[in-house]
Amino acid sequence: MADPEPEDNPTLAPPEDTDLADEIQDWRLLSSLASSKSDPTSLPRRGEKNFEPDGTNRQESVLNESREAMRTALEVERKFAGKTSCQCTWLEELGLARVDKLRGPHFKNLGVAAPPNTTTTANSPAEKTSLGYLLPEETIYMLERGSLEVFYPSGIPMSLQGIYAACIGSSKTRVEAEVYAVYASLKRSGYIVRRAATFDGTPGEEQQAEEVVGKSLWSPWVRGMFSSIFAAVFKPSQPAVRTPDDSIIPTAREFRHYEDVYKLLSLVPYHSFSSQPSSTSTSQSLANGTAHPSPWRVHFDIWKPATKFKRSEPPPPDFRICVVSSRTTDTPSLTDVNTLLSTIPFPSPLQGEGQAGVGAQMKKLKEGRRSVLLAVVDSGVVSYLRIGDLSFGDDGVVYPRRGDEAKRGRGGGKGRGRGRGRGRGR
Amino acid sequence: MTEEVKKRSPQGPNIHLLYADPLPYVLLPPLPPLHLHNPLSYIPYILAYLFPSTPTQPTFTAAFHPESRSCHVDVSNGGGDGLWFKGFFGKGTLSRSEPTWFVRARRAVGEIGQDEHLTSEEITARRRAARQDFKKEREKAEQKERERILREERGEAPPLPEDDKESESEVDEEAIEQEKDAYTYPTDTNGTLINLEHLQLTLPESLFLAHALGTLTILDPHTSRSIPQSQLLPLFRRAYNPVLGGVMPPDDPFMLNYVVYHHFRSLGWVVKPGVKFAVDYLLYRRGPVFSHAEFAIMIIPSYAHPSYEGDVERKRKESRPWHLLHSTNRVCSQVKKTVILCFVEVPPVGSEVGGERLEETLRRYKVREVSIRRWQPSRNRD
């Protein structure tokens, strides 16, 4: 289905956060593509929003056109070619569908070569990665789409109810209704979805952050050395005893930079990427194993539709998804977040990493070093949240930094464009 | 857009000069860079060594007000201004942000002119009035267009041009005049206006200014004597949660709020209450006058310590309903703020030692931030 673009009406472009799937589609565009009955005139523009009938005939006729276009689109006949029919056999004991006959491009990214946990006798890479079996969620999805026919081992064709009953909710397949709902909605949006290694609860490896080599490694050290020399020479000695009644910044000290004041004030320990991860809490929950897997694990790896995907050597996934049901699982606590994030590797730093500027600083803080998607399913309705692992403390004092002091007193400074145009931003 | 709306609001004072200091703490001027090959550059350092100077720090006084859980600073004679202009602490009780009620009252009484010392509330009111006028004009134009189409379809003749109605605006002005005369501003015996407003500091802000920076003295409301700094923390914790007695649990709401407040203030962020957006705190990079808040902070305690294993209440305190997470996310993303969940690891019960310094108490907590953003499959396809 085509999404009409808001072409020459930029004021009517939807704000960033409305879901494209929630918007009513402009059906008149579709009718000009599907059938030849309606005269395909120029591409219909999205008109202005009407809030109430205003009694004009023009409004009535425009509405009727849109309704007709929608009905035409729904009446289009679905066709299947005989040459590209695909067939599979559902094997109950394995919980997989064995592939008998496959044609067509849809199955490029699906399936596994051999059932998991079996030793394969295939030697060549081609055999190892050839499509031998389809996973339950893939079988249901293809059958629903009409691209596949599934049979029982005895040769009787399997119905949609049958495949649902066999796959969803059985402990053999580990595919709950929520997991399938997320799988299907992502596949329909065009993504390439594969099971992650931790799908059924096998513990993943804990990932460590690489040491970030900063460009300015030299100058803070030098500055620190000089400042400690100056401190010894210039500043008066501190009183020996600090009582609870004294403030944290001692009254006798004086400073030349606000950064030194902030350094004295930063007392609260924070989570930092360069510190050793505390493995006590995470390993406990991971050690539960496959018997009762924690709901906080990565279920799927997904790739954007345009990725060149090779089944033998898949590129690193664009996103990782964890599926939770809002009815059975509460919002994550810190241990749950730790468990979930610990198995995600840190992406290698990008080209534009060293960019200065307020915008880049804020972007880095908002996105964090690594992220995981959380698909929250509430009785079939899926909403996605993106959890980003950040550390404000690692970024240091946000303002003033050393370079900003020169801008004090002048009208300069980059500022943020947003605050300007509306008087004073609050 | 009409011409009035396009014109910029009158230029206020230079905010980079006015809000130059991020904290109400006076620094010594920085020394010029030292060049080892140039003996002249040694001179400032030698002078600084021979004649050390300690700048006098500004001190402010506030009265603790337990009923409203805040501390009040008297702003007559420009007393508490330094707290707002250096670090955006506090809020005027009768104003939108900094205390401007007195200026507006003087303007209403007639002591200063209509365009002198324009406050931000007045600038906003004028801009909104201009936008209202523009919307009325636009509505009229649309109405005329609709009527024209209707007449065309019915086949009637186009109407004669009409005069705009001027009498409507006159009626409004009279109503406004009457409203203004209804309120009389209080004056003292000499006839000068009394400033009814004061600057209100929240309790985490007061503790930070008084104990961490040492620039604020807090007075007891009944005895008017200053409260020693070691007693401030227990006093504020009891004010937030009056039911508590005896030993304070480590996860009482004031302690969690203060730990997060102190953490972000020590990183240079301006931290303001976030109740307008259903969160705990808002973070501004330099302050509200420079840009909108970037982040909205939700505080969630975490009881990961082994001593909390069997605690039944723990799960209830750690979790939030899913719809709260989603709706807060929606509200904040409409205003372009990123929601950050701030997990605070709570130390075990009884780990506090009586009579210890605030630093020791703060060091026992640990903070971890995680950002929550909405993700849409249709928008992230490429």
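The values are calculated or read from the model by the stated rules, or taken from the named source; none is laboratory data. None of the values given here were measured: they were computed from a predicted structure. Note that we place each Cβ from the backbone using ideal geometry, even for glycine, and neighbour counts take in every protein chain shown. In case anyone asks, the SASA skips ligands and DNA or RNA and just uses the protein heavy atoms, side chains included. Shrake-Rupley method; radii C 1.70, N 1.55, O 1.52, S 1.80 Å.
Results, tabulated for the structure shown:
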{"read-out": "Normalised contact order of region B:279-335, rounded percent, pairs of Cα under 8 Å and 6 or more residues apart", "value": "26"}
{"read-out": "Links that overshoot a 22 Å alpha carbon limit, given the list A:K49/B:K140; A:K108/A:K187; A:K49/A:K187; A:K308/A:K364; A:K364/B:K336; B:K272/B:K336", "value": "A:K49/A:K187; A:K308/A:K364"}
{"read-out": "Residue-normalised accessible area of chain B, expressed per residue, 1.4 Å probe, Å²", "value": "55"}
{"read-out": "For region A:52-63, 3J(HN,Hα) per residue [Karplus equation, 6.51 cos²θ - 1.76 cosθ + 1.60, θ = phi - 60°, Hz, x = Gly/Pro]", "value": "7, x, 10, x, 7, 6, 4, 5, 4, 5, 5, 5"}
{"read-out": "Probe 1.4 Å, all protein chains present, accessible-area order of A:D389, B:D81, largest first", "value": "B:D81, A:D389"}
{"read-out": "Solvent-accessible area buried by A and B, counting both chains, probe 1.4 angstrom, square angstrom", "value": "9800"}
{"read-out": "Highest-fluctuation residue, B:S226, B:S291, B:S97 considered, GNM on chain B with Cα pairs under 10 Å", "value": "B:S291"}
{"read-out": "Theoretical FRET efficiency, 1/(1+(r/R0)^6), r = Cβ-Cβ of B:E313 and A:R71, R0 51 Å, to 0.05", "value": "0.35"}
{"read-out": "Relative contact order of chain B, defined on C-alpha pairs under 8 angstrom at six or more residues apart (%)", "value": "15"}
{"read-out": "Highest-fluctuation residue, B:Y240, B:Y308, B:Y284 considered, GNM on chain B with Cα pairs under 10 Å", "value": "B:Y308"}
{"read-out": "Exposure of A:Y270 as accessible area (Å², to 10), given a probe of 1.4 Å and all protein chains", "value": "80"}
{"read-out": "Where A:S371, A:S312 fall by accessible area, highest first, once all protein chains stay in place (1.4 Å)", "value": "A:S312, A:S371"}
{"read-out": "Cα centroid separation, region A:312-350 to region B:21-44 (Å)", "value": "49"}
{"read-out": "Helical mean residue ellipticity (222 nm; -39500 (n - 2.57) per DSSP H run of 4+; nearest 500) of chain B", "value": "-10000 deg cm²/dmol"}
{"read-out": "Solvent-accessible surface (1.4 angstrom probe) belonging to A:D100, in square angstrom, nearest 10", "value": "80"}
{"read-out": "Sulfur and carbon atoms: percent of accessible area, region B:298-359 [1.4 Å]", "value": "56"}
{"read-out": "Relative contact order (%) - criterion: Cα under 8 Å, at least six apart; region: region B:12-128", "value": "20"}
{"read-out": "GNM flexibility winner over chain B from B:G310, B:G90, B:G80 (Cα, springs under 10 Å)", "value": "B:G310"}
{"read-out": "Euclidean distance of C-alpha centroids, region A:156-203 and region B:122-150, integer Å", "value": "55"}
{"read-out": "Heavy-atom accessible area, 1.4 Å probe, ligands and nucleic acids excluded: residues of region A:364-387 down by at least 20 Å² from chain alone", "value": "A:K366, A:E367, A:L373, A:V376, A:S383, A:Y384, A:L385, A:R386, A:I387"}
{"read-out": "Amide proton proximity set for B:H198, modelled H, under 5 Å, gap of 5+", "value": "B:T93, B:L94"}
{"read-out": "Rounded FRET efficiency, nearest 0.05, which uses the C-beta distance separating B:K136 from A:S379 and R0 of 56 Å", "value": "0.75"}
